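**Q** One structure, as structure tokens, below. Some questions next.
Nothing in this text is a laboratory measurement; each read-out follows from the coordinates by a stated rule. Because the structure is a prediction, the values reported are computed rather than measured. Please note: Cβ atoms are built from the backbone with ideal geometry, for glycine as well, and neighbour counts cover all protein chains shown.
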Amino acid sequence: MKCNIHPWMKGYIAVFKHPYFAVTNGDGKFALKNLPPGNYTITAWHEQFGTSTQKVTIAANETKDVRFVFEAHQNH
């Protein structure tokens, strides 16, 4: 198989030891479905702004909203 990659095209690969991951949709929303009850650290990654983490506790049949806000770092 041959693939010509243009300079504006990028690809990323992430390998997980579990099935709990998501990619945001066009509105920046995501869902982690069928997550067992427990305490978790959720990490969001942005190709330009790096990572951000949040801790969350999920009970059985519970839904929670988690928001990540990425900001550009200014060099002074």
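**Q** Considering the chain as a Gaussian network with a 10 Å cut-off on Cα pairs, which listed residue, PHE49, PHE30, PHE16, attains the greatest mean-square fluctuation?
**A** Among PHE49, PHE30, PHE16, the largest mean-square fluctuation in the Gaussian network model of the chain belongs to PHE16.
**Q** From the phi of every residue in the stretch 52-60, what ³J(HN,Hα) in whole Hz does the Karplus formula 6.51 cos²θ - 1.76 cosθ + 1.60 yield, where θ is phi - 60° and glycine or proline is x?
**A** 9, 10, 9, 8, 9, 10, 10, 8, 4
**Q** Could I ask something else about it? Using the number of other C-beta atoms within 10 angstrom as an exposure proxy, rank HIS18, HIS46 with the fewest first.
**A** If I rank by nearby Cβ atoms, fewest first, I get HIS18, HIS46.
**Q** Taking just the alpha-carbon atoms of the chain, what radius of gyration and Dmax come out, in angstrom?
**A** So, for the chain, Rg and Dmax equal 16.0, 47 Å respectively.
**Q** Dipole magnitude of the chain about its Cα centre, charges +1 at Lys/Arg Cβ and -1 at Asp/Glu Cβ only, in debye to the nearest 20? Provide the component values of the computation, followed by the final result.
**A** Details: 8 positive and 5 negative charges, 50 e Å.
Computed about the Cα centre, the dipole is about 240 debye.
**Q** Can you give the relative contact order of the chain as a percent, counting alpha carbon pairs under 8 Å and 6+ residues apart?
**A** Taking the mean separation of contacting Cα pairs over the length of the chain, I get 20 percent.
**Q** For the stretch 1-69, which trypsin sites (Lys or Arg not before Pro) are both in a DSSP coil and crowded by at most 16 other Cβ atoms within 10 Å?
**A** For trypsin sites (Lys or Arg not before Pro) across the stretch 1-69 that sit outside H, G, I, E and B with at most 16 neighbouring Cβ atoms in 10 Å, the list reads LYS2, LYS10, LYS17, LYS29, LYS33, LYS64, ARG67.
**Q** Given a Förster distance of 22 Å, report the FRET efficiency between GLU62 and ALA14 from their Cβ-Cβ distance, rounded to the nearest 0.05.
**A** For R0 = 22 Å, the calculated efficiency reads 0.25.
**Q** Of ILE13, ALA72, ALA44, whose Cα points farthest to the positive end of the dipole of the chain (charges on the beta-carbon: +1 Lys, Arg; -1 Asp, Glu; origin at the Cα centre)?
**A** Positive-most Cα among the choices belongs to ILE13.
**Q** Can you work out ³J(HN,Hα) from phi for every residue in the stretch 14-25, in order, using Karplus 6.51 cos²θ - 1.76 cosθ + 1.60 and θ = phi - 60°, giving whole Hz and x for Gly and Pro?
**A** The phi angles translate into 10, 10, 10, 8, 8, x, 9, 8, 8, 10, 5, 8 Hz.
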